[in-house]
Amino acid sequence: MSELNIIREDETSFHQELEGLQLASCQLKNLVEALNIVLTSRLEHTREYDMLLTINHAIMGHNEDLQDRSLRVLALLQQSGDPTYVD
């Protein structure tokens with residue numbers, strides 16, 4: 001519950017926190033895509049490339065899950081009429 005007090009003290013809302021998560025997730029996606037370009041140009045057809053590509057795909061999958069979940073929470077906040085939700 002102390003986390004909720006920190007959020008209230010900073011005068012932020014769950015909506016703002018979720019928007020921050022969305023932004024961080026988009027930035028992570030851009031970084032992973034840039035990493036993929038570097039991996040492809042420098043390590044293609046090597047064992048290291050295959051391992052790093054597997055890790056890259058796993059990160060992208062988790063990132064997409066994070067984006068989907070935060071969008072569902074935003075939709076639930078909007079539907080619930082949460083007073084901290086500002087459209």
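We did not get these values from a lab; they are worked out from the coordinates using the rules stated. Because the structure is a prediction, the values reported are computed rather than measured. Don't worry about glycine lacking a Cβ; one is built from the backbone with ideal geometry, like all the others, and counts go over all protein chains shown.
Tabulated values for the structure
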| read-out | value |
| --- | --- |
| Approximate spin-label separation GLU64-GLN16, in nm, with each point projected 7 Å along Cα-to-Cβ | 3.2 |
| Computed FRET value (nearest 0.05) for ASP50 with GLN27, which takes r as the C-beta separation and R₀ as 30 Å | 0.70 |
